[in-house]
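Student: If you scroll down you'll find the structure; I have some questions about it.
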Amino acid sequence: MAEYNPGEDQDTIAELYRRIDLLREEITAMQAMGNVYTPRVNPTAYPTPVEGQHAIDPFDNIHMWYANGAWHKAGGIVYHIKVFSDIQTVASGDGKFIFEIPEDTNGKNLISIETYVTTVSSSGKPTVQIRNVTQTVDMLTTKCEIDANEKNSRDAATQPVIDLGNDDVAWGDHIAIDVDVAGTGAKGLGVILGFG
């Protein structure tokens, strides 16, 4: 922050008030452009929010923004896990990658899963199951598949289904990525898990 050094002939108090007024004008302009967070204020308190306006929801401290005529909340927690490097051929087996749930994910639910490869499988569908090792349950009722000759699960003929009875995680839980089907020649398997 810059130091204030008044000149000998300047009135210190008057100069400070002038600077405060300038700062107020800048803040008002920035708020109108949506570039300022509104601290701990319920977004519904704004009768006419402006496009791009930001707020912090006071109930759960999650960042929100106003776009396309509606308030949107920031997503949950996303883990992007590279199970096999881009030069490694995907191999089947349980526990190909295991990680621990940290404190900030405690009490969250698995809400999304995507998988991808960097080299496609020429036949067979690389298939992944997510398993909570600590709770000894599979987290998907329908496993996540990548169709042959495709790079991701986004457009797979069979979409994954999360088991809503086993989607919760707790701090310290160990989560395993099990590769049930490797496919043929697939490389660079990655998994993207969303918790919210």
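The values are calculated or read from the model by the stated rules, or taken from the named source; none is laboratory data. Keep in mind the model is a prediction, meaning the values are calculated, not measured. Every residue, glycine among them, receives a Cβ derived from its backbone with ideal geometry; neighbour counts consider all protein chains shown.
Student: Among (1) in contact (Cβ under 8 Å) with a residue 24 or more places away in the chain; (2) under 20 Å from the mean Cα position of the chain (by Cα); (3) more than 15 Å from L189 (Cβ to Cβ), which single condition is P160 missing?
Tutor: Only one criterion in (1) in contact (Cβ under 8 Å) with a residue 24 or more places away in the chain; (2) under 20 Å from the mean Cα position of the chain (by Cα); (3) more than 15 Å from L189 (Cβ to Cβ) is unmet by P160, namely (3).
Student: Among residues belonging to region 144-174 that are in contact with a Leu (Cβ under 8 Å, 6 or more places away or on another chain) and β-branched (V, I, T), point out the one that is surrounded by the fewest Cβ atoms within 10 Å (Cβ to Cβ).
Tutor: By that ranking, first place goes to V161.
Student: Of T118, T134, which residue is closer than 15 Å to T184 by Cα and out of contact with any helix residue (DSSP H, G or I) (no Cβ under 8 Å at 6 or more places or on another chain)?
Tutor: T118
A quick yes/no check of all residues on (1) outside the structural domain of K151 (by TED's automatic domain parsing); (2) at pLDDT below 70; (3) on the phi > 0 side of the Ramachandran plot; (4) in a strand (DSSP E or B):
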{"position": "I20", "(1), (2), (3), (4)": "yes, no, no, no"}
{"position": "E25", "(1), (2), (3), (4)": "yes, no, no, no"}
{"position": "V36", "(1), (2), (3), (4)": "yes, yes, no, no"}
{"position": "P39", "(1), (2), (3), (4)": "yes, yes, no, no"}
{"position": "P49", "(1), (2), (3), (4)": "yes, no, no, no"}
{"position": "A55", "(1), (2), (3), (4)": "yes, no, no, yes"}
{"position": "G95", "(1), (2), (3), (4)": "no, no, yes, yes"}
{"position": "I111", "(1), (2), (3), (4)": "no, no, no, yes"}
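Student: On the basis of being touching a Phe, Trp or Tyr at 6+ places or on another chain (Cβ under 6 Å) and over 26 Å from I62 (Cβ atoms), does I87 make the cut?
Tutor: No.
Student: Scan region 85-124 for residues that are basic (K, R) and either loosely packed, with under 13 Cβ neighbours inside 10 Å or under 20 Å from D168 (Cβ atoms) (or both) and report the count.
Tutor: Residues flagged as basic (K, R) and either loosely packed, with under 13 Cβ neighbours inside 10 Å or under 20 Å from D168 (Cβ atoms) (or both) within region 85-124 amount to 1.
Student: Answer yes or no: is there a residue in region 146-164 that is within 14 Å of G95 (Cα to Cα) and either aromatic (F, W, Y) or part of a strand (DSSP E or B) (or both).
Tutor: Scanning region 146-164, I find no residue that is within 14 Å of G95 (Cα to Cα) and either aromatic (F, W, Y) or part of a strand (DSSP E or B) (or both), so the answer is no.
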